[in-house]
1. Which condition number in (1) surrounded by fewer than 17 Cβ atoms within 10 Å (Cβ to Cβ); (2) touching a Pro at 6+ places or on another chain (Cβ under 8 Å); (3) not charged (D, E, K, R) is the one that residue 162 fails?
2. Looking at the range 58-73, can you tell me whether even one residue there is modelled with pLDDT under 90, loosely packed, with under 15 Cβ neighbours inside 10 Å and in a strand (DSSP E or B)?
3. Out of 137, 224, 121, report the one residue that is free of Cβ contacts under 8 Å to residues at least 60 places away in the same chain and under 25 Å from residue 19 (Cα atoms).
4. Please specify each residue of the range 47-67 satisfying the condition of being closer than 22 Å to residue 168 by Cβ and either over 27 Å from the mean Cα position of the chain (by Cα) or among the aliphatic types (A, V, I, L, M) (or both).
5. Out of (1) closer than 30 Å to residue 39 by Cα; (2) among the small types (Gly, Ala, Ser); (3) part of a strand (DSSP E or B), the odd one out for residue 168 is which?
6. How many residues does the range 75-130 contain that are buried (at least 18 other Cβ atoms within 10 Å of the Cβ), among the aliphatic types (A, V, I, L, M) and over 25 Å from the mean Cα position of the chain (by Cα)?
Amino acid sequence: MSVDKSFAACSHSLVGTRPWFNLSSGLGGLGVSTWGKTCARAAGGGYYQTGAGTTGQIVMSIPIHVPRNGVQSVTANWTLKLGWGEWLNATTCAAGSNGAYCFQEAYVELDIYYFIWDTTNQSYLRPNSLYGYQIENSTTDSMTCGSSGCVSNVTGASASYFGTYRLSTTVTSSLLVSDHYQWITYITATTDVVFEAGSTHFLGHANGAAALNLGAGGAGLSLNRLLVQ
C-alpha cells in the first residue's frame with residue numbers, strides 16, 4: 001500500500017483513507033483528494049505553475065490453486081463502493097506574445113491493473129489490454145494567447161458520482177500444476193489540479209478540486225470471488 005503526494009504554493013494534497021487491503025476478508029479501501037488555486041502573486045510573467053497531485057495505491061498478491069494442466073481462466077469478481085468528483089473554476093489570462101499560453105485542469109482517475117505472476121518461472125501473464133478497468137474524468141481549459149488576447153479551448157465537464165460498480169477481471173493462459181502462481185492486482189487512485197501560465201499571467205483567481213474514495217473510511221473494495229476454471 002502506498003501514497004504519493006506533491007503540491008506547490010496555494011494547493012493541497014490530502015489522504016482521507018490510507019490504502020489498505022485485508023487478504024483474509026477480501027476487503028479494502030482508500031481515499032485521496034486534491035485542492036488547488038492560483039496564488040495572489042500569479043501575475044508575475046515568464047513561467048508560472050501551481051497545483052497538487054495525490055496518488056493512493058493498493059497492491060494485492062493472492063496465491064492461485066491450479067487444479068489441472070492446460071489452458072484455464074482465472075477470474076476475480078469485485079464490488080466497488082465508489083465516490084468521485086472533480087470541478088474547475090477557471091479564469092482568463094492576459095494577452096501576450098505569440099506562443100503564450102495558460103493551462104488549467106482538475107482530474108480524477110481510478111485504474112485497476114491485473115495479471116498472473118508465475119513465481120516458478122519469474123514471468124507474468126496478463127490480458128491483452130493494459131488496464132482491466134479504468135474510470136477517468138477531467139475538466140481542462142487550454143488557452144493560446146497572442147497580442148489581441150487569448151482563445152479558450154475547454155474539454156470535459158465537472159462531474160461527480162456516488163454508487164456501486166460490479167466488475168469481473170479475467171486472465172486466460174496455460175497453467176501447470178507443478179508451477180506456482182499468484183493473482184496480482186494494482187488499484188490506483190489519482191487526483192490532480194494544475195494551473196500553469198507561460199509568457200502571460202492569470203487575470204483573476206482560479207480554483208479547483210478532485211477527490212476519489214473507495215468506502216469513505218470503510219471497506220469500499222470487496223473481492224467477492226477468485227475462481228479458476
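1. Of the numbered conditions (1) surrounded by fewer than 17 Cβ atoms within 10 Å (Cβ to Cβ); (2) touching a Pro at 6+ places or on another chain (Cβ under 8 Å); (3) not charged (D, E, K, R), the odd one out for residue 162 is (2).
2. No; the residues of the range 58-73 include none that is modelled with pLDDT under 90, loosely packed, with under 15 Cβ neighbours inside 10 Å and in a strand (DSSP E or B).
3. 137
4. 58, 59, 60, 62, 64, 65, 66, 67
5. (1)
6. Count: 1.
The values are calculated or read from the model by the stated rules, or taken from the named source; none is laboratory data. This structure is a prediction, so every number in the text was calculated from the model and none was measured. We place every Cβ from the backbone using ideal geometry, glycine too, and count neighbours over all the protein chains shown.
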